[in-house]
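The values are calculated or read from the model by the stated rules, or taken from the named source; none is laboratory data. Quantities reported herein were computed from a predicted structural model and do not represent experimental measurements. Glycine gets a Cβ as well: all are built from the backbone with ideal geometry, and neighbour counts include every protein chain shown.
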Amino acid sequence: MSVPVRKFDAVIVGAGGAGLRAALQLSEAGLKTAVLSKVFPTRSHTVAAQGGVSASLGNSEPDHWHWHMYDTVKGSDWLGDQDAIEFMCREAPNVVVELEHFGMPFDRNADGTIYQRPFGGHMSNFGEKPVRRACAAADRTGHAMLHALYQRNVRANTQFFVEWMALDLVRDADGNVQGVVAMEMETSEIYVFQAKATLFATGGAGRIFASSTNAFINTGDGLGMAARAGIPLEDMEFWQFHPTGVAGAGVLITEGVRGEGGILRNSSGERFMERYAPNAKDLASRDVVSRAMVTEINEGRGCGPNKDHVLLDITHLDPEVIKSKLPGIREISIKFAGVDPIKAPIPVVPTCHYQMGGIPTNYRGEVVVDGNVVSGFYAAGEVACASVHGANRLGTNSLLDLLVFGKSSGNSMIDFIKTAPKDLPELAQADVERSVARVEALNTRAGGVEVNDARSAMQATMQKHCGVFRFKDMLADGVAKILEVEKLVQNMVIGDKSKTFNTARLEALEVENLIEVAKATMISANARTESRGAHVRDDAADTPQNPNGRDDENWLKHTLWYRAGNQLGYKPVTMKPLSVETIALKTRSY
Amino acid sequence: MDEVELKRIVWRSRRGLLELDLQLERFVAEDLPQLTEPELVLYRELLQYPDNDLLDYLNGRSECPNPRLWPIIARIRAAQR
């Protein structure tokens with residue numbers, strides 16, 4: 001067997017915001033840089049980010065990076081690493097202004113400065129009152145960012161390999177990363193992309209859940225590759241959810257629907273929020289609503305043939321109000337639920353949209369395992385865990401994460417490449433062979449589990465056992481179940497064995513990545529017996545000693561899941577920032 | 001259109017936005033096999049638009065500047081009902 005090799009200074013997997021920002025840094029430094037992407041770069045999932053990117057520019061009112069840092073630490077429920085958070089918040093104004101100079105069409109004030117708007121959780125003067133910190137380009141911030149960065153990369157001669165899927169990481173006998181094995185979709189030919197430095201910027205893996213706002217491409221490819229290569233995944237129990245996505249589709253129904261009088265009902269038509277929040281009822285906060293919905297479903301009062309969702313009812317509203325005030329919602333409901341909400345209620349379920357955990361890195365984007373930097377390996381963006389989002393991400397900090405850590409990992413790679421020997425070392429073959437064998441197994445297996453069935457089993461298991469609100473027994477069962485699902489994944493079969501754009505095989509390879517993330521999530525969540533940020537457990541309740549169920553004495557630490565034997569390890573949270581004093585532990589309340 | 005090109009079109013119906021994935025997935029499964037050659041060419045052209053623009057056309061929030069693509073847009077929209 002001989003797999004052809006292409007050689008570069010740097011190879012980047014993923015062409016969303018983080019990958020493009022890093023690539024720009026490398027290409028502008030004159031390094032030969034390859035970027036691999038499953039889809040055309042400007043169709044990466046970054047395009048879905050609407051809200052904006054936060055930076056304490058102070059264009060509309062006084063602001064300071066230290067206040068931004070405070071908000072981010074608090075938002076993270078103190079699980080974020082304070083060195084990385086200080087770095088990100090201090091760098092924010094620089095990377096945003098830089099992006100402006102790259103041609104990003106930010107909304108502007110009358111005086112020409114970047115317009116800034118308030119966003120949940122961003123406050124002035126250490127949590128005192130909301131501050132205008134989010135910079136946006138209408139409701140297309142992510143889209144505009146991708147375009148600005150892509151154009152700039154073309155100018156800098158970044159080499160794009162579009163419609164290529166990376167399959168596996170290549171490490172030598174000492175664990176140094178040498179590049180990736182990748183497949184060209186059009187021909188199914190497999191190549192090694194060998195490089196002095198390799199960056200994963202592959203985004204999140206929200207598709208592990210049955211209900212997710214993530215695009216179909218968000219299959220955690222970087223996480224799967226890292227896990228198979230022996231790299232642990234950090235804090236994978238932390239996922240952000242929105243209470244109301246269309247069941248079976250994941251498209252969000254804005255909270256404005258409940259504001260206009262929408263009512264949540266269970267299978268017997270009961271307005272169940274009256275029991276959980278007698279005063280606020282359907283207008284209770286996100287976590288209270290999510291928790292109530294999940295409790296109804298778990299106790300058998302869910303709707304539909306699988307009793308796996310509840311109903312959002314607006315049939316009692318004046319059809320004219322629905323048409324005038326909620327036109328988008330009617331369209332979404334008809335399109336994605338097949339229901340006209342004027343006539344029938346909308347099936348909804350808590351829906352996953354962001355992954356806080358990922359490949360463990362420091363704020364320089366270097367991958368760190370057991371206290372040591374993995375030579376030649378970097379990660380940035382949603383796939384990485386620096387960790388700036390800790391147990392819960394603040395809105396607009398995700399686009400900031402892409403820019404800051406895309407750039408910093410690019411800089412780290414430049415430094416590393418400059419000191420590396422001029423010629424690439426001999427390529428280690430063991431990982432290459434394993435990767436080729438993995439594809440070959442799919443090509444040759446006759447009889448087994450359909451890819452769609454394996455994926456659906458995984459998604460249903462994650463949604464039911466490890467969703468927005470978690471129960472001790474359900475998690476324990478979930479661990480056993482997801483390991484059963486893994487056996488289905490290992491036995492997947494594809495009907496189409498052809499060579500050209502074989503989407504069946506691509507999807508099977510994606511599911512092989514997703515299952516690693518699913519296991520990491522379930523096993524990490526089962527072990528963490530507290531509630532913190534987005535990880536909320538029924539058996540870790542609000543007590544005077546552990547407000548909100550958070551148990552700092554035992555759980556102020558990062559989880560590390562190792563694929564081998566599904567082992568868990570832990571490492572301390574970095575409480576010491578780079579230059580300022582530690583932001584001390586406090587109960588998180590707004 | 002040869003088989004490779006058809007399969008390329010299927011893959012390019014995967015987008016950065018979930019709302020597009022869901023709509024195009026259904027269209028590809030149900031309608032693509034029935035499209036004539038000229039219609040396939042139009043669909044391929046439509047896929048060139050940025051995700052946000054494409055979503056606006058499919059939601060009727062804005063009008064595609066190329067009237068030749070209106071019939072295929074109407075057809076994708078009809079596939080949802």
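The test for being modelled with pLDDT of 95 or more, of a type in the set (S, T, Y), surrounded by 13 or more Cβ atoms within 10 Å (Cβ to Cβ) and within 26 Å of A:I85 (Cα to Cα) does not hold for A:T582. All conditions but one from (1) under 29 Å from A:R286 (Cβ atoms); (2) within 14 Å of another protein chain (Cβ to nearest Cβ) apply to A:L475; the one that does not is (2).
Given the structure, is A:M225 in a strand (DSSP E or B) and not assigned by TED's automatic domain parsing to the domain that holds A:G533? So A:M225 does not fit the description; no.
Filter segment A:27-43 down to the residues that are touching a residue at least 24 places away in the same chain (Cβ under 8 Å) and either more than 24 Å from the chain's Cα centre (by Cα) or within 14 Å of chain B (Cβ to nearest Cβ) (or both) and list them by number. The answer is A:S27, A:E28, A:A29, A:L31, A:K32, A:T33, A:S37, A:K38, A:V39, A:F40, A:P41, A:T42.
Taken over segment A:201-218, the criterion of being closer than 25 Å to B:R8 by Cα, more than 11 Å from chain B (Cβ to nearest Cβ) and not β-branched (V, I, T) is satisfied by A:A201, A:G204, A:A205.
Could you tell me whether segment A:291-302 includes any residue that is farther than 30 Å from A:A520 by Cβ and touching a helix residue (DSSP H, G or I) at 6+ places or on another chain (Cβ under 6 Å)? No: zero hits.
Of the residues A:D139, A:D111, A:D107, A:D81, the single one that is touching a His at 6+ places or on another chain (Cβ under 9 Å) and among the acidic types (D, E) is A:D81.
Within segment A:499-509, restricting attention to residues that are within 12 Å of chain B (Cβ to nearest Cβ) and touching a residue at least 12 places away in the same chain (Cβ under 8 Å), the residue that is surrounded by the fewest Cβ atoms within 10 Å (Cβ to Cβ) is A:K499. A:Y570 meets the stated requirement of being part of a strand (DSSP E or B), surrounded by fewer than 22 Cβ atoms within 10 Å (Cβ to Cβ) and of a type outside the set (D, E). Of the strands (runs of 3 or more DSSP E) lying entirely inside segment A:124-182, those containing at least 2 residues that are farther than 29 Å from A:S76 by Cβ and of a type outside the set (S, T, N, Q) span A:159-162, A:164-171. Can you confirm whether segment A:446-469 contains a residue that is among the basic types (K, R) and crowded, with 22+ Cβ neighbours inside 10 Å? Checked segment A:446-469: at least one residue is among the basic types (K, R) and crowded, with 22+ Cβ neighbours inside 10 Å. As a summary of the residue check, A:D221 satisfies the conditions (1) within 14 Å of chain B (Cβ to nearest Cβ); (2) surrounded by fewer than 24 Cβ atoms within 10 Å (Cβ to Cβ); (3) in contact with a Ser or Thr (Cβ under 9 Å, 6 or more places away or on another chain) except for the one numbered (2). The number of residues in segment A:1-44 being in a strand (DSSP E or B), surrounded by fewer than 24 Cβ atoms within 10 Å (Cβ to Cβ) and of a type in the set (V, I, T) comes to 1. Output the residues belonging to segment A:45-77 that are crowded, with 24+ Cβ neighbours inside 10 Å, out of contact with any strand residue (DSSP E or B) (no Cβ under 8 Å at 6 or more places or on another chain), away from chain B (no Cβ under 14 Å) and in a loop (DSSP other than H, G, I, E, B). A:S76, the sole residue that qualifies. Scanning segment A:479-516 for residues that are under 21 Å from the mean Cα position of the chain (by Cα) and among the acidic types (D, E) turns up A:E507, A:E510, A:E512, A:E516. Return the total of residues in segment A:366-380 being in contact with a Lys or Arg (Cβ under 9 Å, 6 or more places away or on another chain) and crowded, with 24+ Cβ neighbours inside 10 Å. Qualifying residue count for the region: 5. For the condition touching a helix residue (DSSP H, G or I) at 6+ places or on another chain (Cβ under 7 Å), under 22 Å from A:R438 (Cα atoms), crowded, with 21+ Cβ neighbours inside 10 Å and in the same structural domain as A:G448 (by TED's automatic domain parsing), A:A540 does not qualify.
Taking segment A:154-204 as the range and being under 24 Å from the mean Cα position of the chain (by Cα) and within 18 Å of A:R43 (Cβ to Cβ) as the test, the residues that pass are A:F160, A:F161, A:V162, A:E163, A:W164, A:M165, A:A166, A:A201, A:T202, A:G203, A:G204. Does A:R152 fit the bill of being within 14 Å of chain B (Cβ to nearest Cβ), in contact with a helix residue (DSSP H, G or I) (Cβ under 7 Å, 6 or more places away or on another chain) and of a type in the set (K, R)? No, not satisfied. The residue that is surrounded by the most Cβ atoms within 10 Å (Cβ to Cβ), counting only those in segment B:58-81 that are among the basic types (K, R) and within 10 Å of chain A (Cβ to nearest Cβ), is B:R77. Selection over segment A:195-254 of residues that are among the hydroxyl-bearing types (S, T, Y), farther than 24 Å from A:L146 by Cβ and touching a Gly at 6+ places or on another chain (Cβ under 6 Å) gives a count of 1.
Restricting attention to segment A:278-310, the residues that are surrounded by fewer than 17 Cβ atoms within 10 Å (Cβ to Cβ), without any contact (Cβ under 8 Å) to a residue 24 or more places away in the chain and over 21 Å from A:M474 (Cβ atoms) total 4.
A:G495 meets each of the listed conditions (1) buried (at least 23 other Cβ atoms within 10 Å of the Cβ); (2) under 30 Å from A:A437 (Cβ atoms); (3) among the small types (G, A, S) apart from (1).
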